[in-house]
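No value in this document is a laboratory result; all are computed from the given coordinates. The model shown is predicted, which means the values in this text are computed figures rather than measured ones. Cβ sites come from the backbone with ideal geometry, for glycine too, and all protein chains shown count toward neighbours.
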Amino acid sequence: MAVSERTVLQFSSSLTAKVHPLVIFNICDCYVRRPDQTERVIGTLLGSVLPDGTVDIRNSYAVPHSENSEQVALDIDYHHNMLISQQKVNPKEVIVGWYSTGLGVTGCSVLIHDFYSGEVPNPVHLTVDTGFSNGEGTVKAYISSILSLRENQQAGGRQAADRQLQLAAQFQEIPLDLRMVEAERVGFDILKTTMTDKLPTDLEGMEASMERLLALIDDVYKYVDNVDEGRVAPDNSVGRFLWDAVESLPKLPPAAFDKLVNDSLQDNMLLLYLSSITRTQLTLAEKLNTAAQVL
């Protein structure tokens, strides 16, 4: 008779994911445009798997659905038609998972995840907290880990093959990397706040970026001084990173660097001036057109 020797809980291996800020902006836009009776928005994530195994999420589209506490219904035909259209534009982008708005996962998330598991093995579930439950828009990524029992059985004094008994599936958070250029970070910082008076202009965005850069440089100065005076233990990896950052700077004399910054600033001012003139002309043309129609 077979006797169970020991039981071990096993989980599937975790992944890492990297999401482009365009995906976050697209999800928030779909949430704002959702129907009034819809509490959350779900959709498909597109991207690719990098050579190191990282899931690179670069695009997304919303999928109409209806759900209640017990069941959820997806518009599968719409999902497949959108996928075909997306792959005509970007053939290299494939399904890597799905997203939903809200904080964390719900009971219906398991049903939706089962559907996407049939579309792609081990899909990534991305959540965006558009309700600002923690005071900001939290973005997290999950995978469904299989909780199983491994039983080592013996029969007639000989060890038989292990048997896997799948008990349930649970969502396990995975590391998420959100990288963006400075212009995208300005918009993302505004998007994370619960409310804002107005959108910053190009000059205000540049000012905020320069203030952040000065704060980072000040932190680097403090760290280097603390290491030099022995208050902080040196870290070789940090030292190499700082050395690479310094070496990447262009070798320009101060006068040439000032001229480069001033020229760029003048270009931005000229663009603002031209855009203001264009906006004024359009407004004037609209008023003249309205007056002509009245007459």
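Brief remarks follow.
- For the pair Met269 and Lys222, label points projected 7 Å from Cα toward Cβ lie 3.4 nm apart.
- Where labels lie 7 Å past Cα in the beta-carbon direction, separation of Thr16 and Ser237 in nm: 1.0 nm
- Burial order of peptide ranges 118-125, 272-279, 208-215 (average beta-carbon count within 10 Å, highest first): 118-125, 208-215, 272-279
- The C-alpha atoms of segment 33-100 occupy a region whose extents along the principal axes are 40, 25, 21 Å, arranged from largest to smallest.
- Sorting 246-258, 38-50 by average packing, meaning the other beta carbons within 10 Å per residue, from highest down gives 38-50, 246-258.
- Distance between the modelled labels on Glu229 and Asn68, one decimal in nanometres: 6.7 nm (7 Å Cα→Cβ projection).
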